[in-house]
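Trainee: Quick one: the structure is below, and I'll ask about it shortly.
The values are calculated or read from the model by the stated rules, or taken from the named source; none is laboratory data. Just so it is clear, the structure is predicted and the values come from calculations on it, not from any experiment. Because the Cβ atoms are built from the backbone with ideal geometry, glycine has one as well, and the counts that use them run over all protein chains shown.
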Amino acid sequence: MIVLGSTGSIGVNTLQVAKKFGLHVETLVAGRSIDLLNRQIKEFKPKYVCIGSKELVKQVKHNDVYYGNKGILEVIEKSQSDLVINALVGFAGLAPSIKTQKLGKKLALANKESLVVAGNLLNTSKIIPIDSEHFGLKYLLSNKTPVSMTITASGGAFRDTPISKLKSMSTAEALNHPNWKMGKKITIDSATMTNKIFELLEAKWLYGCEKIDAIIEAKSIIHAFINFIDGSTTAHIANADMKLPITFALKGKIEEEILPHVDLVEIGSLEFRKIEQERYPMWEIKEDILKNPRLGVVLNAANEVSVERFLNNKINILDVAKINKKAYRQFSDINPQNLDDIFEIDKEVRKFLKGDL
């Protein structure tokens, strides 16, 4: 297999699953975490390695090291493996997703931005989603036709913070997720609920269901619901651990225990909340972007800019939504038809917001 983003949380979990089942890892792609990458190289002995930038190549303990975005595409093409796990972060994951499908390789996708910005350019019927919510939806679908789908949100770091105090919340407080530890960007996206808009777009592309929504389930035990035409609703309940969707992506089926079952008696009770626009201003555009998914490329580019500014303490958490919505409205008439259009729009959005400093 080819693991893109091997040193991130999904990549690390993927390698643990690969080790457990004796699966061959041919290629590792990482960013800047050299020490961890070198430990992975020692353990898995990949044929190809790719790192984020040229200056880091000499630090990598491997004889065949590529670098940069071009290097990622090269190692995907050179590798004999037919399974690519794309766990890269952000817009950088799009070109590898396109390349993977062009080469006829299987795409196990944890890079949500690929679908958010270019779902119309990908063959979604041949994507294996690595995400607890989308795995839950797939698990529940069986051969039935859904009437509507609902995924759940944790609510992020500020789900219980008084709304009047949101402006004054620090970066460190935003990164203190109530349920688990993730990368910085996705933790901020969770706090603003942008991540959940991305996941709704993913679900739309993956399953073609028009009625999709999200609610907060504070304990992150229920990951998805599906309403069927007969009036019944099914829920996917599992402990929050990405090894379950990763194992499904790597093996195709699961016939053994991957996680301990949820003890509902121990859980005691579950709490559900509506996602309120006052607390999560990004929710204002949720319905519009689901009707106009082509605008995903605009939202993703704006969000990468605004989250970086927040992490650098240049804006407050509420400004993230203001910047995102400003760009979203400015570019509301775009209609990308191909990959070149996607890259051009991404560049124009970032240029527009650069003048906003």
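Trainee: What are the residues in region 327-357 that are among the small types (Gly, Ala, Ser) and buried (at least 20 other Cβ atoms within 10 Å of the Cβ), if any?
Mentor: Answer for region 327-357, where residues must be among the small types (Gly, Ala, Ser) and buried (at least 20 other Cβ atoms within 10 Å of the Cβ): just Ala327.
Trainee: Shifting gears a bit: Which condition breaks for Ile237 when tested against (1) more than 30 Å from Leu311 (Cα to Cα); (2) modelled with pLDDT under 90?
Mentor: Here Ile237 clears every test but (2).
Trainee: Taking the options Val298, Val305, Val320, name whichever one is closer than 13 Å to Ile197 by Cβ and under 18 Å from the mean Cα position of the chain (by Cα).
Mentor: Val298
Trainee: Restricting attention to region 228-266, and to residues there that are of a type in the set (Gly, Ala, Ser) and touching a helix residue (DSSP H, G or I) at 6+ places or on another chain (Cβ under 7 Å), which single residue is surrounded by the most Cβ atoms within 10 Å (Cβ to Cβ)?
Mentor: Applying the filter and picking the extreme gives Ala238.
Trainee: Any idea which of Glu284, Glu304, Glu278, Glu271 is touching a Phe, Trp or Tyr at 6+ places or on another chain (Cβ under 8 Å) and in contact (Cβ under 8 Å) with a residue 12 or more places away in the chain?
Mentor: Among Glu284, Glu304, Glu278, Glu271, only Glu304 is touching a Phe, Trp or Tyr at 6+ places or on another chain (Cβ under 8 Å) and in contact (Cβ under 8 Å) with a residue 12 or more places away in the chain.
Trainee: Is it true that some residue in region 138-151 is at positive phi and over 12 Å from the mean Cα position of the chain (by Cα)?
Mentor: Yes: one or more hits.
Trainee: Can you report the number of residues in region 76-121 which are surrounded by fewer than 24 Cβ atoms within 10 Å (Cβ to Cβ), farther than 26 Å from Leu290 by Cα and in contact with a strand residue (DSSP E or B) (Cβ under 7 Å, 6 or more places away or on another chain)?
Mentor: So the answer is 7.
Residue by residue, here is whether (1) touching a residue at least 60 places away in the same chain (Cβ under 8 Å); (2) of a type in the set (A, V, I, L, M); (3) buried (at least 17 other Cβ atoms within 10 Å of the Cβ); (4) under 21 Å from Ser9 (Cα atoms) holds:
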site	(1), (2), (3), (4)
Lys184	yes, no, no, yes
Ala191	yes, yes, yes, yes
Lys196	yes, no, yes, yes
Leu201	yes, yes, yes, no
Trp205	yes, no, yes, no
Lys211	yes, no, no, no
Glu217	yes, no, yes, no
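Trainee: Where in region 129-206 are there helices (runs of 4 or more DSSP H), lying fully within it, with 3 or more residues that are farther than 18 Å from Val116 by Cα and assigned by TED's automatic domain parsing to the domain that holds Asn316?
Mentor: Here the list is empty.
Trainee: Which one is farthest from Ala87 (Cα to Cα), of the residues in region 217-257 that are under 17 Å from the mean Cα position of the chain (by Cα) and part of a strand (DSSP E or B)?
Mentor: Within region 217-257, the match that is farthest from Ala87 (Cα to Cα) is Ala224.
Trainee: If you go through region 22-72 one residue at a time, how many are assigned to a helix (DSSP H, G or I) and closer than 21 Å to Ala92 by Cβ?
Mentor: Residues in region 22-72 being assigned to a helix (DSSP H, G or I) and closer than 21 Å to Ala92 by Cβ: 14 in total.
Trainee: Would you check if there is a residue in region 321-331 being under 20 Å from Ala157 (Cα atoms), assigned to a helix (DSSP H, G or I) and not hydrophobic (A, V, I, L, M, F, W, C)?
Mentor: Yes, because at least one residue in region 321-331 is under 20 Å from Ala157 (Cα atoms), assigned to a helix (DSSP H, G or I) and not hydrophobic (A, V, I, L, M, F, W, C).
Trainee: Name the one entry in Lys99, Lys78 that is at pLDDT 95 or above and out of contact with any Leu (no Cβ under 7 Å at 6 or more places or on another chain).
Mentor: Within the list Lys99, Lys78, the selection yields Lys78.
Residues checked against (1) touching a strand residue (DSSP E or B) at 6+ places or on another chain (Cβ under 8 Å); (2) assigned by TED's automatic domain parsing to the domain that holds Lys196:
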{"site": "Ile222", "(1), (2)": "yes, yes"}
{"site": "Phe225", "(1), (2)": "yes, yes"}
{"site": "Thr234", "(1), (2)": "yes, yes"}
{"site": "Phe248", "(1), (2)": "yes, yes"}
{"site": "Lys253", "(1), (2)": "no, yes"}
{"site": "Ser269", "(1), (2)": "no, yes"}
{"site": "Leu299", "(1), (2)": "no, no"}
{"site": "Asp319", "(1), (2)": "no, no"}
{"site": "Ile323", "(1), (2)": "no, no"}
